[in-house]
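Enquirer: My structure is below; once you've seen it, I'll send some questions.
The values are calculated or read from the model by the stated rules, or taken from the named source; none is laboratory data. It should be emphasised that the depicted structure is a prediction, and the values quoted were computed from it without experimental measurement. No Cβ is skipped: glycine too gets one built from the backbone with ideal geometry, and neighbour counts run over all protein chains shown. Only protein heavy atoms, including side chains, enter the accessible area calculation; ligands, DNA and RNA are left aside. Shrake-Rupley method; radii C 1.70, N 1.55, O 1.52, S 1.80 Å.
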Amino acid sequence: MSASPPDYFPAAAAALELPKVLKQVAAAALSSAGAEAILHLQPLPDLPSVQARLAEVTEMRSLLEFDDTFPIASLPDLSATLQHLRIQGRTLEIQQLIDLARFSATARRVRHYLLARREKYPELLRTALLLTSLQEHERALESALNFTEGTVKDSASPVLARVRREISRALSEVRDRLERIARKLAAQDMLREQMITLREGRLVLMLKEEHRRHVPGLVHDHSASGRTVFVEPMESVEINNRVRELYSAERDEVERILQMLTERLRQVLPALLANHEGMIAIDVMHAKAQAARQLAASAPQMLAEAKLKLINACHPLLLLKNEDRRKVVPLDLELGFPAEAALPVRTLLISGPNAGGKTVALKTVGLLALLARCGLHIPASPDSAVPLCENVFVDIGDRQSIEDDLSTFTSHVKHLVEILRRAGSGDLVLIDEIGAGTDPEAGAALSVAVLRELNRRGCLTIVTTHHGALKTFAQEEPGVSNGSMAFDRETLTPTYQFRAGLPGASYAFEIAERMGMAAPVIAAARTLVGVEKVNVEELLNELQNKLAQQQQLNEKLQVEETRLRGLQKLYEEREQSLRAQVQEIKKKAHAEAEALLQNANAIIENAVREIRETNAAREAIKAGRENLAALRERLARENQLEEPPPPATDETGIAKFEIGMPVKWLKQGALATVLELPDSSGKVLVAAGALRARVPVGDLRAVRAGRKTEPAALPKASVQEAARHAEIDLRGMRVDEALAMVDKFLDDALLAGWNEVRLIHGKGTGALRQSIANHLKTLPHVKSSRLGQFGEGDVGVTVVELA
């Protein structure tokens, strides 16, 4: 990580609200130093550094989801303690020594944990190797200090043990003496209360003020009312003095022990500092992984070239604001990839009505680029690709300044000048409402010139606009493309869906009409705009409506195609099962025929023997034997069942990958599901629980039917396999995935002949359970459903009775 942030970073981070996201990540840190490190994350200098940090988070997330409990629950703040340890002669306090001991023990356990899993977590191992075991020093501290009470043990030294025994005896003696005196004075009604208390480290009695002169002794204090005097009788002064001397000796011995322990740790200060740095790094990885789990984030593919691809990308702050992820509309966007004309589209103009999501889309792109550059997973598909931009320039919001005498337009122009001065090939440029705040024609002309120059330099540029001239420019200019945010014309509400290649309408007249503006005013406005302008808007509206209808049709077709594929696979498996049953029946039939043949053979042999004994003709015997041999040969041929040749397997042990098939992820020891077939680089996109990643085919193995696997990842088996066992595990799935699996599972269960099945959805927040319950009510082949009883899985299981 660079010592100081790049020049662009502070302004871009502030405009894109990166500090807010880092604050949420820092909340998952276990130490104040780790949280501080996260809040001050800076862009990493090069591609290998970014890829290494992303891989660390991937491994840490895999560890947290699939492996044994990571031995790190809390980390004390050692910044001040280590600073004190650097000062020669300074003695650490008891709590500081206890914190160092606990910290060292945690570092040792983390090191041992990762060393035992060196093959699974090579990136985390690099940091673990920097940690040093200081167990001998931990034991020295544990033997001398009571960690629970925060004191020095009696056994820390013989001198301390002796002094404390003497203190105990002396206190017992002085207390006995004072109790005798108190009983005498109480009998004379001279005490306010018959109890022994402590004042200035000495045991005293609570004497009534009027009897102060009747009891010789030292007055140590008065009550607030003045009616009570705290007196140390002369009879106990000497023994109290002895107690004070013993306490002083105890303090001296404790100070000596603490100084000895401090010097012991000072000898290994370099190792302590290295452990502290390494554990803070691990704490940062741990917090990043926890945030990735919360946001369902993934590591994007980091590219050296200027190409951007976001798939199912969401703004992190919107996800944190909405507990239901389905309320956040994902963004799919590409930039820098060849268009139909084979010229990379590096400039994108997003248009559409106000409050339609244009600025949110702009911020999402920029924020995810910064998060990835800082080594954080992003809430997007693992197939997403993010470029390693040298600079990110952002001009978002109204930056007018009375103090600097800057209007809105002047402020925007100032930033455009700065961007043109510094932007180069591969830089990311984000501009909101380009050309706004001035004469529309002049603003549009200036914007065209700026965008053309940025495109010529090879920048990745995304801007938002309402200018019709810019929409035309984007449609005609090579390397520039239109995009828009969809809008529901019927309800006049935004859908927040991005549509590539299409400019967006403003819907100004429709929104004004919806808000109650008088119809004559709107009609006059349409006239002023001109028929051609209105026709263009109407054409855009009609085009968007048709596109929406086409998209809905495509979605329905995809669902139907998925269902048909599932049915086809089900029928194929059923056919294979029936073939196996037929083969088994044939084997049984041939076995019975063989037994009959053997019996017939014995009968024939007996007949032959009898014929011989009766001198029958040789020709008749020979013919009988030939017929018997022919019968044997025919039965033998029929009994040789044709077994299908074993499928050719590649190096993964999997003959053929299929979408939805369960596989074993060897490196993580978890069960996963294939989401996409192998790509050109030989990697397969799989899902293990909530984690999605591209895994080399060499790290996957086929899961044999009936084989029990670890319950670490979901889905745990194919739907057909689940149907054979009358239950399916849906834990860890999104609602839409789970409902699709339920439909398929119930179909298979009906074919398998089950009357009652179990849906395992877990307890959690209850959202998945409720969605499944509502869905079951709509299925005609479901007779009834109920939650599991005690011993059946309780509320974590729904029992379904099939019609």
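Enquirer: With no solvent and one point on each alpha carbon, what is the Debye value of log10 I(q)/I(0) for the range 301-506 at q = 0.09, 0.13, 0.16, 0.19 Å⁻¹?
Expert: Evaluating at q = 0.09, 0.13, 0.16, 0.19 Å⁻¹ gives log10 I(q)/I(0) of -0.33, -0.70, -1.08, -1.49.
Enquirer: Net charge near Tyr8: determine it from the other residues with C-beta under 13 Å of the C-beta of Tyr8, scoring Lys and Arg +1 and Asp and Glu -1. Could you put the intermediate results ahead of the total?
Expert: On the way: positive: Arg373, Arg421, Arg422; negative: Asp7, Glu390, Asp395, Glu418, Asp427.
With Lys, Arg at +1 and Asp, Glu at -1, the neighbours total -2.
Enquirer: A further question follows. What size of dipole, in debye to the nearest 20, comes out for the range 1-127 about its Cα centre when the only charges are +1 on Lys and Arg C-beta atoms and -1 on Asp and Glu C-beta atoms? Before the final figure, lay out each step's value.
Expert: Details: 14 positive and 14 negative charges, 79 e Å.
Roughly 380 debye, rounded to the nearest 20.
Enquirer: Accessible area per residue of the range 726-802 at 1.4 Å probe, in Å²? Could you put the intermediate results ahead of the total?
Expert: On the way: 3930 Å² over 77 residues.
About 51 Å² of surface per residue is accessible.
Enquirer: Would you please give the FRET efficiency between Glu277 and Asp221, computed as 1/(1 + (r/R0)^6) with r the Cβ-Cβ distance and R0 = 60 Å, to the nearest 0.05?
Expert: Working: r = 52 Å, r/R0 = 0.86.
It comes out at approximately 0.70.
Enquirer: While we're here: Is any residue of the range 763-803 close enough, with backbone N under 13 Å, to a label point placed 7 angstrom from the Cα of Glu323 along the Cα-Cβ axis, and if so, which?
Expert: The answer is 764-768, whose backbone nitrogens lie closer than 13 Å to the label point.
Enquirer: Here's a follow-up. Between Arg212 and Asn354, what length comes free when the chain is fully extended (0.36 nm per residue of separation minus the Cα-Cα distance, one decimal in nm)?
Expert: Result for the pair: 42.5 nm of gain on full extension.
Enquirer: Same structure, new question: What FRET efficiency comes out for Glu792 versus Thr69 if R0 is 22 angstrom and r is the Cβ-Cβ distance? Round to the nearest 0.05.
Expert: Values: r = 28 Å, r/R0 = 1.27.
After rounding, the FRET efficiency stands at 0.20.
Enquirer: Compare the peptides 776-789, 30-43 by average per-residue count of other Cβ atoms within 10 angstrom and give them in order, highest first.
Expert: Details: 776-789: 12.4, 30-43: 19.4.
The packing order, highest mean first, is 30-43, 776-789.
Enquirer: Which part of the range 661-677 falls in the paramagnetic zone of Glu119, meaning amide N under 18 Å from the point 7 Å along Cα-to-beta-carbon?
Expert: 664-671
Enquirer: Let me ask something else. Could you sort Val735, Val800 by their accessible area in this structure, using a 1.4 Å probe and putting the largest first?
Expert: Working: Val735 25, Val800 0 Å².
Listed by decreasing accessible area, they come as Val735, Val800.
Enquirer: Highest mean first, how do 443-454, 218-229 rank when packing is the count of other Cβ atoms within 10 Å averaged over residues? Show your work: numbers first, answer last.
Expert: On the way: 443-454: 19.4, 218-229: 13.0.
By packing density, highest mean first, the sequence is 443-454, 218-229.
Enquirer: Once you have all Cα-Cα distances for the range 277-341, histogram them in 10 Å bins from zero and send the whole-percent values.
Expert: Result returned by the calculation: 17, 35, 30, 15, 2, 0.
Enquirer: To continue, here is another question. Report the Stokes-Einstein translational diffusion coefficient (µm² s⁻¹, integer) for the range 158-252, Rh taken as the Kirkwood radius over Cα pairs, at 20 °C with viscosity 1.002 mPa s.
Expert: On the way: Rh = 13.9 Å.
Estimated diffusion coefficient is 154 µm²/s.
Enquirer: Roughly what would the spin-label model give for Gln770 and Gln135, points 7 Å off Cα along C-beta, in nm?
Expert: It is 5.1 nm.
Enquirer: Calculate, for Ala442 and Glu36, the FRET efficiency according to 1/(1 + (r/R0)^6) with r their C-beta to C-beta distance and R0 51 Å; round to the nearest 0.05. List each step's numbers first, then the result.
Expert: On the way: r = 48 Å, r/R0 = 0.94.
Using R0 = 51 Å, I get an efficiency of 0.60.
Enquirer: Suppose we keep just the alpha-carbon trace of the range 726-802; what are its Rg and Dmax in angstrom?
Expert: So, for the range 726-802, Rg and Dmax equal 11.3, 33 Å respectively.
Enquirer: Just reorder Tyr8, Tyr247 by solvent-accessible area, largest first, 1.4 Å probe, all chains present.
Expert: Details: Tyr8 10, Tyr247 75 Å².
Final ranking, largest accessible area leading: Tyr247, Tyr8.
Enquirer: Can you check how the C-alpha radius of gyration of the range 416-476 compares to 2.2 N^0.38 Å, as a plain ratio?
Expert: Numbers: Rg = 11.1 Å, N = 61, 2.2 N^0.38 = 10.5 Å.
So the Cα radius of gyration is 1.06 times the expected 2.2 N^0.38 Å.
Enquirer: Starting from 0.36 nm per residue, how many nanometres of slack lie between Ala469 and Asp679 once their C-alpha separation is accounted for? Walk me through the intermediate numbers first.
Expert: Working: separation 210, 0.36 × 210 = 75.60 nm, distance 4.12 nm.
Difference between extended and current length: 71.5 nm.
Enquirer: Students sometimes get this wrong: rank Trp665, Trp754 by accessible area, probe 1.4 Å, all chains present, largest first. Don't skip to the answer; put the middle values down first.
Expert: On the way: Trp665 20, Trp754 95 Å².
Largest accessible area first, the list is Trp754, Trp665.
Enquirer: For the range 1-135, what is the Kirkwood hydrodynamic radius in Å, using each pair of distinct C-alpha atoms?
Expert: On the way: mean 1/r = 0.0577 Å⁻¹.
Every distinct Cα pair counted, the radius reaches 17.3 Å.
Enquirer: So how much slack lies between Ala187 and Phe147, counting 0.36 nm per residue of separation and subtracting their Cα-Cα distance, in nm? Mind dumping the intermediate values first?
Expert: On the way: separation 40, 0.36 × 40 = 14.40 nm, distance 4.59 nm.
Value of the extension gain: 9.8 nm.
Enquirer: Something else about it: What accessible surface, in Å², does a 1.4 Å probe find on Met733, ignoring ligands, DNA and RNA and rounding to the nearest 10?
Expert: 30
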